[in-house]
């Protein structure tokens, strides 16, 4: 459910072709599906979990509902049910026949829908407008000791952007 609450962070997006508008329509549907799933199957056990599984990086555990991607043993990764060749054919690229733009893949992952070129361009423009890192984020990282672990620096920078 945290994902659905985080959609509020997209509230500054406003044009009709924007991701915010798309998510505003989709989120209530997903919330209802999750509510029904919890009501109908909330007490169903999904399996046994061992310490080895947890310590091994959660391998083999059913631990998260994720609609975005799955790995098919024969065809490789699928994004919202689409293979990489499917994505290459269906998603907008920088030029005809080119690889899909990252924004097109992001749109597909978040919405489950194939975006139009206009939607991809709108999302790209929105992301570019948010790309400047504020000076205070750099100051937060610079305030750390030189010996700070890179992940500490990274997480400090990310948290400064909240």
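Read the figures in this text as sums done on the coordinates, not as results from a lab. Everything numeric in this text was worked out from a predicted model, so none of it was measured.
In the chain, helical runs assigned H by DSSP with n ≥ 4 each contribute -39500 (n - 2.57); averaged across all residues and rounded to the nearest 500, the mean residue ellipticity at 222 nm is -15000 deg cm²/dmol. Stretched out straight at 0.36 nm per residue, the stretch from residue 155 to residue 37 would grow longer than its current Cα-Cα span by 39.1 nm.
Which residue fluctuates most in the GNM of the chain (Cα springs below 10 Å): 143, 70, 94? Judging by the Gaussian network model, the answer is 143. Return the single residue from 138, 30, 20 with maximal mean-square fluctuation; model: Gaussian network over the chain, springs between Cα atoms under 10 Å. Taking springs between Cα atoms under 10 Å, the residue moving most is 138. Normalised by the number of residues in the chain, the mean separation of alpha-carbon contacts (under 8 Å, six or more apart) gives a relative contact order of 15 percent.
Ellipsoid fit via the Cα gyration tensor, the chain: semi-axes of 28, 27, 19 Å, each the root of five times an eigenvalue, largest first.
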